[in-house]
Amino acid sequence: MAEKTDRKLKVAGLDTPRESRSRLLTRLRPNPDAFGHATENFARFMGTPQFLMWMSVFCVVWLAWNTFGPDSLRFDSAALGFTALTLMLSLQASYAAPLLLLAQNRQDDRDKVSLQQDRQRAERNLADTEYLTRELAALRIAIREVATRDFVRSELRSVLEELLDDESGDERRRSRRRPSDATAALPKLPQAQNGAQEY
């Protein structure tokens with residue numbers, strides 16, 4: 001029976017996931033956001049004058065204590081060139097470089113997101129502008145067939161000028177027309193006060 005279970009385990013194909021091995025120590029999985037936030041804060045602090053000042057104070061105190069302090073309390077030898085201070089500064093630099101790179105990577109990720117949002121906003125603005133351009137073109141085409149105020153005024157002005165020309169032409173015709181001798185000799189008909197003719 002044990003042989004059958006061993007065969008089943010060996011026969012398992014690629015579609016069967018492997019069982020995870022048990023670990024002696026648990027894997028460290030820090031929260032990436034909290035760790036990234038802490039590294040950014042540290043990187044920002046390292047770029048400030050306060051950090052340089054505190055680092056200089058630390059180095060001066062270290063050098064003064066190991067140079068002028070009591071021999072029994074000195075922990076770094078001036079004769080060896082302050083080896084422990086060199087190791088401390090190397091250790092600080094070895095941790096500072098990756099922390100700065102982590103902070104820079106997070107800043108790059110933020111820049112990518114903001115660039116993508118800017119690109120999407122620009123695409124939306126372009127689409128809105130194209131839509132408004134099409135709408136304006138449609139309105140211009142529709143307005144071509146509608147009489148504008150200036151067009152109506154010019155048409156009324158030309159009609160008024162034509163009417164004035166016609167009236168002045170009629171007055172000229174009347175003044176030119178003289179009654180003939182035969183019509184002047186005819187008697188005029190008397191008119192009643194109400195405007196009706198009497199027969």
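The values are calculated or read from the model by the stated rules, or taken from the named source; none is laboratory data. This one's a predicted model, so the numbers in the text were calculated from it and none came from an experiment. No Cβ is skipped: glycine too gets one built from the backbone with ideal geometry, and neighbour counts run over all protein chains shown. Each accessible area value is taken on the protein alone, full model and side chains, heavy atoms only, with ligands, DNA and RNA left out. Shrake-Rupley method; radii C 1.70, N 1.55, O 1.52, S 1.80 Å.
Assorted remarks:
- Search result, residues across region 1-41 that are modelled with pLDDT of 75 or more, assigned to a helix (DSSP H, G or I) and either open to solvent by 100 Å² or more (accessible area, probe 1.4 Å) or not acidic (Asp, Glu) (or both): PRO32, ASP33, ALA34, PHE35, GLY36, HIS37, ALA38, THR39, ASN41
- Checking each residue of region 133-155 against the condition of being within 22 Å of the chain's Cα centre (by Cα), more than 30 Å from ASP33 (Cβ to Cβ) and modelled with pLDDT of 90 or more gives at least one match.
- Search result, residues across region 92-124 that are closer than 30 Å to MET55 by Cα, at pLDDT 90 or above and of a type in the set (D, E, K, R): ASP108
Okay, residues lined up against (1) open to solvent by 80 Å² or more (accessible area, probe 1.4 Å); (2) among the basic types (Lys, Arg); (3) not in a helix (DSSP H, G or I):
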position: GLN117; (1), (2), (3): yes, no, no
position: ASP128; (1), (2), (3): yes, no, no
position: ARG134; (1), (2), (3): yes, yes, no
position: LEU139; (1), (2), (3): yes, no, no
position: ALA142; (1), (2), (3): no, no, no
position: ASP150; (1), (2), (3): yes, no, no
position: ARG153; (1), (2), (3): yes, yes, no
position: LEU156; (1), (2), (3): yes, no, no
position: LEU160; (1), (2), (3): yes, no, no
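- The residues of region 65-89 that are surrounded by 10 or more Cβ atoms within 10 Å (Cβ to Cβ) and part of a helix (DSSP H, G or I), listed by number, are TRP65, ASN66, THR67, THR83, ALA84, LEU85, THR86, LEU87, MET88, LEU89.
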